Amino acid sequence: MQSLLDILALPAYGLSTVLVISFLSATLLPMGSEPAVLGVIHLNPAQYWPVIAVATVGNTLGGVLDYAMGRAARRVASRSLPSSTENRALRWLEKMGPKACLLGWLPVIGDPLCSVAGWLHMPFWRCTIYMLIGKFLRYIVLTAAFFEGVQHLG
């Protein structure tokens, strides 16, 4: 285990690991990037901003993939009549527009939210920018809360 942690502490491996994990965790795969982000920063505090930047980019690219899958799904799927709950959700999302992608970082609903934004053909770049902002703020708040908590425990 220590040798794995040593490898993750190396900037070359740590950042690429964070990129891959943050990308995959933003897709519909059930995993999170938080342990990798916090672990690499904990092992190499000098890499704080590069890790935040790489995690944000990787997670945003995963959200863009979700968006693209939603857009492609609409092209190939025949549109069925959604339930009243789905209708309310779609109306809310259409009303919010690309700003709803700020919530793309949320567990459980964030990834599908990005897919539905693609399904609805919302403006790509506006959605991507909102995803980026939301995901960046999430990593800043997450790391600040975690390391503040660690300081109080230590």
Seminar exercise, completed: Of the listed residues (Tyr139, Tyr130), the one being among the hydroxyl-bearing types (Ser, Thr, Tyr), within 23 Å of Glu34 (Cβ to Cβ) and under 11 Å from the mean Cα position of the chain (by Cα) is Tyr139
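Each row is one residue, and each column tells you yes or no for (1) of a type in the set (A, V, I, L, M); (2) at pLDDT 85 or above; (3) touching a helix residue (DSSP H, G or I) at 6+ places or on another chain (Cβ under 8 Å).
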| site | (1), (2), (3) |
| --- | --- |
| Pro50 | no, yes, yes |
| Gly58 | no, yes, yes |
| Gly62 | no, yes, yes |
| Ala68 | yes, yes, yes |
| Arg71 | no, yes, yes |
| Leu81 | yes, no, no |
| Ser84 | no, no, no |
| Cys114 | no, yes, yes |
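The values are calculated or read from the model by the stated rules, or taken from the named source; none is laboratory data. Since the structure is predicted, the reported quantities are computational estimates derived from the model, not experimental observations. Note that we place each Cβ from the backbone using ideal geometry, even for glycine, and neighbour counts take in every protein chain shown.
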